[in-house]
DNA sequence: CTTTTTACCTTTAACCACGAGGTAATAGAT
DNA sequence: ATCTATTACCTCGTGGTTAAAGGTAAAAAG
């Protein structure tokens with residue numbers, strides 16, 4: 001399937017979305033670009049990832065949506081709820097745990113059999 | 001499904017297996033315990049993850065297997081091939097890229113709309 | 001007036017981790 | 001001697017999650 005962001009991506013879209021939307025409200029297309037920006041182009045998430053994630057997070061009560069007319073066009077702005085911030089906090093500690101464990105395992109010299 | 005290692009685990013089993021098996025040959029059950037050891041109990045991978053991963057990596061030519069009788073019991077020892085080491089190197093850079101990108105995005109203060 | 005960019009959204013596919021379960025041999029405990 | 005825990009191997013099914021690809025339409029740019 002020609003993956004552009006190979007491995008290590010489970011949970012990452014959710015983490016990034018919650019981080020950004022805890023700072024200020026944004027709409028889908030904007031998030032696509034912001035994620036590239038704040039990761040220094042290292043991570044690119046397409047709309048096919050962003051929109052379904054936003055719906056799922058909204059459904060879970062982690063985000064709230066609000067429709068806003070900008071000019072003649074309507075945009076759907078999302079922002080993190082209290083629940084979303086809590087979820088983010090948990091994700092952050094999960095992330096740190098995995099990250100540190102992998103770092104640890106990289107240094108460990110395995111004792112010979 | 002009550003996951004013990006929530007999110008951020010895609011690619012991690014493969015990374016850990018290749019790391020360990022680049023150091024010395026090991027068998028499945030041993031790997032299950034070693035992974036707990038070298039990650040300070042932070043990551044626990046069951047046999048349901050380990051064995052299928054080993055087969056897949058062997059099939060891909062990243063590992064080679066060898067059956068060894070230890071006492072009366074037979075064990076299947078795996079070790080990394082040259083191809084496996086190459087694959088590990090790529091995984092390591094992928095991992096660093098994602099890790100650094102997430103770290104970056106955590107510091108970035110998003111400019112207001 | 002035509003093309004590119006913005007903006008929204010859905011469908012489909014595939015991957016992969018994981019738990020649960022199953023077998024059998026060996027070692028240790030009673 | 002017998003029972004239990006541990007070692008060691010393995011398979012199957014599920015479900016979550018990314019991701020590409022496609023589809024619509026408005027607005028800005030050329």
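Give me the distance in nm between label points sitting 7 Å out from Cα along the Cα-to-Cβ direction at residue A:69 and residue B:79, one decimal.
With each label point 7 Å from Cα toward Cβ, the separation is 7.3 nm.
Only helical DSSP H runs with n ≥ 4 go in: add -39500 (n - 2.57) per run for chain B, normalise by residue count and round the 222 nm mean residue ellipticity to 500 deg cm²/dmol.
Mean residue ellipticity, 222 nm, calculated: -18000 deg cm²/dmol.
Rg and Dmax of chain A, using alpha carbons, in Å: what are they?
Cα only, chain A: 17.0, 70 Å (Rg, Dmax).
Just to be sure I understand: with springs between alpha-carbon atoms less than 10 Å apart, which residue in A:79, A:103, A:22 has the highest mean-square fluctuation in the Gaussian network model of chain A?
Maximum among the listed residues: A:103.
Taking the simple approach of a point 7 Å from Cα along Cα-to-Cβ for both residue B:111 and residue A:100, what is their distance in nm?
3.5 nm
Going by the rotation axis that takes chain B to chain A, pick out the residue of B with the closest C-beta and quote the gap in whole Å.
B:10, 2
Would you mind getting me the FRET efficiency between residue B:44 and residue A:36? Use the beta-carbon distance for r and R0 = 45 Å, nearest 0.05.
It comes to 0.85.
Where the label is 7 Å out from Cα toward Cβ, how close does residue B:36 come to the same position in every other copy, in nm, shortest first?
Counterpart label points of residue B:36 in the remaining copies fall at 4.5 nm.
In nm, one decimal, shortest first: how far is the label point of residue A:48 (7 Å from Cα along Cα to beta carbon) from the matching points in the other copies?
The projected label point of residue A:48 is separated from its counterparts by 2.9 nm.
Taking each label point as 7 Å beyond Cα in the direction of the beta carbon, state the distances from residue A:82 to the same residue in the other copies, shortest first, in nm.
6.2
Given a cut-off of under 8 Å on Cα pairs at least six residues apart, what relative contact order in percent is computed for the stretch B:25-109?
Relative contact order here is 25 percent.
Rule-based calculations on the coordinates, nothing more; no lab input. What you see is a predicted model, and the numbers here were worked out from it, not measured in a lab. Glycine gets a Cβ as well: all are built from the backbone with ideal geometry, and neighbour counts include every protein chain shown.
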